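For reference, the structure discussed in these notes is given below.
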Amino acid sequence: MSLLQYHVLNNSIKSTNFLNTKTTKSPSAFHKISGSPLNVAKDKSRSCSIYCSSNLQTQEFINSQEVQHDQPLTQWQQLQGKDFPQISIGSDENAIEEAVKKVKYILRNISDGEITISAYDTAWVALIDAGDKTPAFPSAVQWIAENELSDGSWGDAYLFSYHDRLINTLACVVALKSWNLFPNQCQKGIAFFRENIGKLEEEDDEHMPIGFEVAFPSLLEIARGLNIDVPYDSPVLKTIYAKKELKLTRIPKEIMYKIPTTLLHSLEGMRDLDWEKLLKLQCQDGSFLYSPSSTAFAFMQTRDNNCLGYLRNAVQRFNGGVPNVFPVDLFEHIWIVDRLQRLGISRYFEEEIKECLDYVHRYWTDKGICWARCSHVQDIDDTAMAFRLLRLHGYQVSADVFKNFEKEGEFFCFAGQSNQAVTGMFNLYRASQLAFPKEEILKNAKVFSSKYLQQKQEKDELLDKWIIMKDLPGEIGFALEVPWYASLPRVETRFYIEQYGGENEVWIGKTLYRMPYVSNNEYLELAKQDYNNCQALHQLEWDTFQKWCEENKLSEFGVSKSEVLECYYLAAATIFEVERSHERMVWAKSSVLVKAIVSSFGQSSDSRRSFYDQYIANAQRSEHHHFNGRGMRLDRPGSVQASRLVGILIGTLTQMSFDLFASHGRHVNNLLYQSWGEWLEKWKQDGDEGEGVLIVKMIILMKNNDLTNLFSHPHFLHLSEIINRIYLHRQYSKANRNDEREKTIKRTENEMELMVELVLSESDPFRDVSITFLDVAKAYYYFASCGDHLQTHISKVLFQKVL
């Protein structure tokens, strides 16, 4: 582990620092990179990732004695010891409200992208001559003078990378020296450079800034021409020069003049260019692929007014300095939505999220997108992330866009190139899981990206050339082991809160940079507060749910304690919002009642028919009688056990209806009885009817006002058929041999594809109902695929507070 490594000091970075244009000279906290930057994360990821396959070695979150089969965590307070805080629902509502306001302020100020300033790019702008031997941008020179760090270097003040500090420092020294200004700052910078140039060998190339091997030697040549005293014969520089020559020989100049490529982003490191041809490839805003340094160099060579206009806008926008890339509007819009969703707080910002996605969709093309609007160069990272979010939110986007990044079965970051990046393949993998049945390009993308990520994981090489994250191995491990079909909202959020680095996430461009509207502690703190608030309510509901089961003695009907916990967990992990308590509880109670009925009366057609007959007879009298669930007078003879369970069922449905009427003024008694009657009738016939449709109906009855002809709608019936098949496949997969189990899993995946297409391509009027089908189906898929670690997940999601 020789190269980039975090050394984390005790103090945290204030988020407001990254919103300022001026860099703090003496930061109170920073990360030092001197080895692998994910050394800490690699250790952490072993306990952060979720593993669903029994043959994988993993560290459990709790001891096996703490959670055993049939011994659920009924005394959940014991998990936290004697100091576990008392539950207080709503005590943090004011704090949550204030946190939401802060985030809304951020979202309402999204424009072309909030990004930190690059000393390197600012230096290139500062080098521009106004035509009279004076700086064309004196404010850029002033920014450089004011933002030298205390050790004499320039660069990211909180994450120490020799590559980043040295290229920024050399560029700033060159800029100041070229105008013979601020000699003291120059000397301090030169001293830092001389002292640290040899340490470049200590850092891995994995996190080397983009184009470093080309841009750095070009700066050295300018420095040599200015007689700047640096060690030009250093052995490490000879290695860098060799890399530059090798890279330049591979640049297909005949192509770079014909079509826009990523080479336009780094023109300042190249020589012998045909500017007449290159000017035809400018972006609409006058830049060369949105790079201030590349555009500044182009202006020096051409004096093109469009270049000048772009640079003036950037300098004005950032008060003297410029970032390493601008604008980054599409990137910011997309990644903000992704962060809010994975952190479980997107419901607070539905209007703002729609505005973000409308904006992205406006600039979507059949070739894809990149980080900025109206680009003629597209990348797979932004395209995959945008595709996934747009499809999830009902926008119609074609999977054929990924054909632009595929060649002979392999997928690449940029069209026409031949390399991959970990995060690019990670986002391709995430997008590929939303494939519709006939989208072969996405199925191929899933195979390729999952194989790529697994190989990187096995080699412990989950480092990325675009970003330094808190726990990238944990994020990828989660995605590989918990497919999207099985990813429940609270499970993903619980783990992502630990994986998200907040304001400490750093991107890698020509220099290190930060995106404070994408990565900040405001999102993280709101996510923690919201999660704990929801979890506190879930724990109270769980206590109430247990008491309901105990009072009705459901264990006498074959329902184990662990099954009771699992039923509530699946409901709460899927429908987690505080305001959706009715939906959560009706799901959990219905699931337990189904288990009790099937366990006690599902063995023979006679017992099923007898139970059904008793239910129908007594449900018809339910509006005029009160059943307490313990005993009731039957209209016709039947077993005492059946009588008790019918009473419990009808009493529970009556209470559900009453609670909903008391809170929302809606009366659904008859519809509840009718839905159960329909399920029981089908179950009576063959005993194999899945409960999926019943659960969906129960949830919908708790939240939908207009149910006119809903349950007979063709779309509803089609989804009902699919979810019943998914449920039955789940049941069969438990009993089958391994070879048969694989076939069953494949059939289940095919059914999930059908459901995803129906749900995500449906128009708005039916979308909410369709999403409910998908939520329940994913819960079934999760239960079937992640059962080996179910109790571990339950403990973490329901009972371990986020700190």
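The values are calculated or read from the model by the stated rules, or taken from the named source; none is laboratory data. Computed from a prediction, not measured in an experiment: that's the story for all the values here. We place every Cβ from the backbone using ideal geometry, glycine too, and count neighbours over all the protein chains shown.
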Fill in: Count - residues of segment 613-632 that are assigned to a loop (DSSP other than H, G, I, E, B) and either of a type in the set (Ser, Thr, Tyr) or at pLDDT 85 or above (or both)
1
Fill in: Residue in segment 192-200 that is in contact (Cβ under 8 Å) with a residue 24 or more places away in the chain, closer than 26 Å to Ile369 by Cα and out of contact with any Gly (no Cβ under 8 Å at 6 or more places or on another chain) present
no
Worksheet item: Quick one: would you say Tyr120 is modelled with pLDDT of 50 or more and aromatic (Phe, Trp, Tyr)?
Response: yes
Worksheet item: Does any residue in segment 673-690 that is in contact (Cβ under 8 Å) with a residue 12 or more places away in the chain come within less than 6 Å, Cβ to Cβ, of a residue that is among the acidic types (Asp, Glu) six or more places away or on a different chain, and which pairs are these?
Response: Trp683/Glu689
Item to complete: Just give me the residues in segment 209-263 being crowded, with 18+ Cβ neighbours inside 10 Å and acidic (Asp, Glu), in sequence order.
Response: Glu213
Discussion item. Which of the helices (runs of 4 or more DSSP H) found entirely inside segment 513-612 contain at least 2 residues meeting this: within 30 Å of Phe326 (Cβ to Cβ) and of a type outside the set (Gly, Ala, Ser)?
Written reply: 521-551
Fill in: Qualifying position, being at pLDDT below 90, outside any helix (DSSP H, G or I), of a type outside the set (Lys, Arg) and within 37 Å of the chain's Cα centre (by Cα), among Asp706, Asp635
Asp706
Item to complete: Answer yes or no: is there a residue in segment 725-741 that is surrounded by fewer than 20 Cβ atoms within 10 Å (Cβ to Cβ), outside any helix (DSSP H, G or I), modelled with pLDDT of 75 or more and over 28 Å from the mean Cα position of the chain (by Cα).
Response: no
Worksheet item: Has segment 437-450 got at least one residue that is part of a loop (DSSP other than H, G, I, E, B), crowded, with 19+ Cβ neighbours inside 10 Å and modelled with pLDDT under 95?
Response: no
Worksheet item: Counting just the residues of segment 337-375 that are of a type outside the set (Val, Ile, Thr) and within 19 Å of Phe411 (Cα to Cα), which one comes out surrounded by the fewest Cβ atoms within 10 Å (Cβ to Cβ)?
Response: Asp366
Worksheet item: Is segment 774-797 home to any residue that is part of a helix (DSSP H, G or I), modelled with pLDDT under 90 and aromatic (Phe, Trp, Tyr)?
Response: no
Worksheet item: In segment 356-382, how many are assigned to a helix (DSSP H, G or I) and touching a residue at least 12 places away in the same chain (Cβ under 8 Å)?
Response: 8
Worksheet, complete the sentence: Within segment 258-300, the residues that are part of a loop (DSSP other than H, G, I, E, B) and at pLDDT 90 or above are Leu273, Asp274, Gln282, Cys283, Gln284, Asp285, Gly286, Ser287, Leu289, Tyr290
Practice prompt. Answer yes or no as to whether Lys199 is assigned to a loop (DSSP other than H, G, I, E, B), at pLDDT below 95, out of contact with any Lys or Arg (no Cβ under 7 Å at 6 or more places or on another chain) and outside the structural domain of Leu462 (by TED's automatic domain parsing).
Written response: no
Discussion item. Which count do you get for residues in segment 348-385 that are small (Gly, Ala, Ser) and touching a Phe, Trp or Tyr at 6+ places or on another chain (Cβ under 7 Å)?
Written reply: 1
